[in-house]
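This structure is in structure tokens; I'll ask about it shortly.
The values are calculated or read from the model by the stated rules, or taken from the named source; none is laboratory data. All values derive from a computational prediction rather than experimental measurement. For neighbour counting, all protein chains shown are included, and Cβ atoms are generated from backbone atoms with ideal geometry for every residue, glycine included. For accessibility, only protein heavy atoms count, side chains too; no ligands or nucleic acids. Shrake-Rupley method; radii C 1.70, N 1.55, O 1.52, S 1.80 Å.
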Amino acid sequence: MKISLYEFQKLGDSRGSLVVLEQEKNIPFEIKRVYYMFETKKDIRRGYHAHKKLNQIAVVLKGECKIHLDDGKSTSEVVMNDPTKGLLLEPLVWHEMFEYSSDCILMILADDVYDENDYIRNKDEFYEIVNK
Ligand code: TYD
């Protein structure tokens with residue numbers, strides 16, 4: 001499946017690096033929520049859902065993890081270990097995050113507030129929705 005990886009400009013100087021994420025500029029939506037995962041235990045797999053309407057962008061700020069994507073037709077796996085790259089998680093794409101390094105900080109920007117009704121947490125239901 002098609003991967004949409006955003007490349008963020010690194011504003012580096014002799015003091016170090018800086019990346020700016022701005023809604024409607026290098027982030028293609030209004031940022032209504034930010035959350036991040038850290039101290040993820042070894043061999044943990046998270047996610048296991050798709051969203052009905054929510055758009056998100058995942059950025060690994062530190063360390064590494066992998067993201068498995070499934071749009072119902074094909075799958076992809078993306079290694080995330082670069083804080084200048086953001087992976088678009090579109091609606092109706094099943095995603096699972098795994099192989100987190102112990103220092104991994106995975107940040108997600110979302111275009112809406114938390115709403116459990118927007119989640120599809122059952123994979124069979126997900127396949128029914130995307131294949132109809
Ligand atoms: P969960 O959906 O299980 O995380 P993941 O999909 O990454 O495995 O979320 C863990 C808990 O946090 C769950 O009780 C719901 C809650 N939560 C919120 O309250 N707000 C949020 O924005 C998110 C992402 C989760």
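Which residue, V34, V93, V59, has the most motion in a Gaussian network model of the chain that connects Cα atoms within less than 10 Å?
Looking only at V34, V93, V59, the biggest GNM fluctuation is shown by V34.
I've got another one for you. What does DSSP give for the chain in terms of the percent of beta bridges that are antiparallel, rounded to the nearest 5? Can you show the working numbers first?
Details: 34 of 35 bridges.
For the chain, the DSSP antiparallel bridge percentage is about 95.
Could you tell me the accessible area of Y114 in Å² (1.4 Å probe, neighbours in place), rounded to the nearest ten?
130 Å²
Then there is this: If you average the sequence gap of Cα pairs under 8 Å that are 6 or more apart and divide by the length of the stretch 1-75, what percent do you get for the contact order? Please list the in-between numbers first.
Details: 27 pairs, mean separation 23.3, N = 75.
Relative contact order of the stretch 1-75: 31 percent.
Over the chain, calculate the relative contact order: mean separation of alpha carbon pairs under 8 Å at least 6 apart, over the residue count, as a percent. All intermediate terms of the calculation are to be shown ahead of the outcome.
Values: 298 pairs, mean separation 45.7, N = 132.
Result for the chain is 35 percent.
Measuring from centroid to centroid over Cα atoms, what is the spacing of the stretch 105-132 and the stretch 23-98 in Å?
Between the Cα centre of the stretch 105-132 and that of the stretch 23-98, the gap is 11 Å.
Could you check how much of the accessible area of the chain is carbon and sulfur, as a whole percent, using a 1.4 Å probe? The partial results should precede the final answer.
On the way: 3830 of 7960 Å².
The value for the chain is 48 percent carbon and sulfur by accessible area.
Now a separate question. Place a +1 charge on the Cβ of each Lys and Arg in the stretch 1-107 and a -1 charge on the Cβ of each Asp and Glu, then give the dipole magnitude about the Cα centre in debye, rounded to the nearest 20. Walk me through the intermediate numbers first.
On the way: 16 positive and 16 negative charges, 47 e Å.
Taking the Cα centre of the stretch 1-107 as origin, the dipole is about 220 debye.
What figure in square angstrom, to the nearest 10, would you give for the accessible area of E99 with a 1.4 Å probe?
110 Å²
For each pair in K73/K132; K52/K73; K10/K66, compute the distance between the two Cα atoms and list the pairs where it is over 19 Å.
Values: K73/K132 12 Å; K52/K73 17 Å; K10/K66 22 Å.
Distance filter (> 19 Å) returns K10/K66.
I'd like the accessible area for I31, computed on protein heavy atoms only with a 1.4 Å probe and all protein chains in place. Round to 10 Å², please.
50 Å²
With a probe of 1.4 Å, find how much accessible area the chain has per residue, and write the answer as a whole number in Å². Provide the component values of the computation, followed by the final result.
Working: 7960 Å² over 132 residues.
Ligands and nucleic acids excluded, the result is 60 Å² per residue.
Still on this model: Sorted by accessible area with a 1.4 angstrom probe, largest first, how do V78, V113, V20 fall?
V113, V20, V78
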